[in-house]
Ligand code: BGC
């Protein structure tokens, strides 16, 4: 890495501090006199969202058209690292061709609950799968000279109150479940940047969390890149610089720069920390401006890749009587509003303005199927409409088969809000029931970026869960339905029979100050498998038009070896999965099984292959809080291999000589041993945490910088409560909309801090404090202070801007 001491010596204190916050919504600051360019950042994870004109971070403003790939939830079902790397490369090429230096993705938070509002943007409930796929994206993106920015670090698993929520999670679970995916990405793909989460982790905001950013990320994993805050997620600029948060976005004007300068002058911030952060920025500049010649972005090629990815990510859940694939000439009644108005991505900052968007209805003409007709079947606003059902039933009777496009309403999947349930809208189920009475086989094509309950499944012949297929999703769906592509998708998450079966069902999302991760390591399939709660479709599940046999497992200290044979009539892909179970008694709470390896295979009919899955650093390790280190407990382990977590036909025992002797489980953790973690007592959770449970409530007023605005209704001032009524009403109106108004929700749940952080310098910290004074009931004094602060802040902001611009341009010797 380049030595930046010369540049650091040339920069003034004010310039250094100013480099650590953005110039606007998407760019860093540049210093032309020292050849430091501005860097452009853009979302996002499944297609470029480069905004012109009105810039916002919530996906509201239009962005330039770009190829919309399937979202991470879909690509994860492919379990295909090569595919993920190809997508990353295409995203990088697109970014490079538009002058974007930093791509804000991939997102790899663990899907702790099936209700997570951004689950569609994340890969999996499992860290091994999430980490390996995210690493592949990062490799692809960075091969083009563009920085990848894996996000959101860390424990960002709920959307509700995301700017103020404090994730309370025990250290071992944090390491093993929530950090491991990031560790894999950092160690294996060496990202040049990383985005912190909005939330706090165990009492400290992620962007100023020294334990996460220095102890773990840099010191343990060797990260040497830049850490950017989520948009508005930075809290105290001085604490951030001291704790490893490099840069805050979007621009808070020069407010944070002044705070940093004052802290250095007052001896509250070590100048070495400031230099370290600036050095990280300069390193990123070197990396993304190094001469490179990536292949140019090719829209048709990327569109074809998006189609392949969508087909690979679709999961066949059911296929009675081999209804699928549909033979050429089959007459199809195409039913369902989504066949004309597709669900292909979720809402929020990841939203892409697609270059093209054929629908199921458009795309059927490219198949050899016969379209008997199309009927809408249900209204997208979920209002009942019997006439639509009658029309659909009449159409169904004229066809050989019904292809029924059902799915989650768009409003269910958005950044900023979590889902409330896992059910399909009643109007869709009603339609399915009516169609089932015709006796015509029904092929349901499900769209939606997450888990859906399927109590209606017996009414169907086949179900293909396409997740969110991106802009070429409709073409891919027909590819799978007609057998052009043999479905190879395997669920990257558990589909429970009912939401109530999930480990977190009774406490997710938390509406409190804290989100308590009481279930510990028993997340999703780790809970189902350990507590014996059978899911509708297990983690890793997916059908194929062919069949596979697993045989001959042998294990050594280094690897597991077995054979897989395609025993069916057609070529197909399979994901061979390896899980580990501790069979000797253990001093650690252990999920019954944990995914530790997988291989994606492509096999011709009759073909057999020998698979070797190596054991590695992560195969047997546990995080031991006693020694604050990863350890391997000596003893016997069972190596389980098969097609999915619910079907592991091969098993072998292995004695492992570990780093620690087997221990006794702490009796205080006994309640966890059955893994029925849907209700966990305070005592058990405290034992898991190793300290008292932090108070879950906000004690406001008095309000502070990070108190959430939705609690302003408790203000002692009647005037403030009256004014708050407007926000309440706006929020109620937003709740009632078919498409969530995420701006209103963002503001409603934001802390006071957002005034300071999200207004581009218009509202300084001083002005924000005056607003807080008003909310605390000192209306007159606060108001005067506010007006003064706004006026003086504006002057200071203008002066700072001019001073920075002049010095940066080298027009005047910089004042030191
Ligand atoms: C999201 C990030 C995104 C950023 C910029 C935030 O609201 O949480 O994922 O990258 O906005 O758009």
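No value in this document is a laboratory result; all are computed from the given coordinates. Worth saying up front: this structure is predicted, and the values here are computed from it rather than measured. All Cβ positions, glycine included, derive from the backbone under ideal geometry; neighbour counts span all protein chains shown.
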For residue 586 paired with residue 301, estimate the spin-label separation in nm (one decimal), with each label point 7 Å from Cα along the Cα-to-Cβ line.
4.5
When ranked by the protection proxy of mean other Cβ atoms within 10 Å per residue, highest first, what sequence do the peptides 407-418, 138-149 form?
138-149, 407-418
Expected output is a single nm value to one decimal: the length gained when fully extending between residue 52 and residue 794, i.e. 0.36 nm times separation in residues minus the C-alpha distance. What is it?
264.6 nm
Förster-model FRET efficiency, 51 Å R0, residue 322 and residue 666, C-beta, rounded to 0.05
0.45
Net length gained if the chain between residue 630 and residue 34 were fully extended (0.36 nm per residue, minus Cα distance)
210.2 nm
One would report the Cα pair-distance distribution of region 525-689, bin width 5 Å, in %, as 2, 8, 16, 18, 17, 15, 11, 7, 4, 2, 1, 0
Given Cα pairs under 8 Å that are at least 6 residues apart, what percent is the relative contact order of the chain?
14
Nearest-0.05 FRET efficiency for residue 458 and residue 784 at R0 = 41 Å, using Cβ-Cβ distance, is 0.05
Under a plain spin-label model, where a point goes 7 Å from the Cα along Cα-to-Cβ, how far apart in nm are residue 381 and residue 570?
4.1
In Å, the Kirkwood estimate of hydrodynamic radius for region 102-254 over Cα pairs equals 15.0
If R0 = 45 Å, then residue 743 and residue 293, at their Cβ-Cβ distance, give a FRET efficiency to the nearest 0.05 of 0.65
At a 10 angstrom cut-off on C-beta neighbours, averaged per residue, how do the peptides 497-504, 693-700, 237-244 rank from highest to lowest?
237-244, 497-504, 693-700
Kirkwood hydrodynamic radius, region 305-496, all distinct C-alpha pairs: what's the number in Å?
16.4
Could you tell me how far the Cα centroid of region 163-221 sits from the Cα centroid of region 382-444, in Å?
41
Using only Cα atoms, tell me the angle between helix 426-436 and the longest principal axis of the chain; keep it within 0 to 90° and round to the nearest 10.
10
For region 668-816, what does the relative contact order come out to in percent, with C-alpha contacts under 8 Å and a separation of six or more?
18
Stokes-Einstein diffusion coefficient for region 5-289 at 10 °C in a medium of 1.306 mPa s, Rh from the Kirkwood formula over Cα pairs: what value in µm²/s?
85
Length gained if residue 811 through residue 219 is fully extended, taking 0.36 nm per residue and subtracting the Cα-Cα distance, is 209.1 nm
For the chain, the Cα convex hull volume per residue in Å³ comes to 156
Just need the relative contact order of region 516-568 here, percent rounded to a whole number, with Cα pairs under 8 Å and 6+ apart.
25
Could I have the simple spin-label model distance between residue 659 and residue 554, label points 7 Å from Cα toward Cβ, reported in nm to one decimal?
3.0
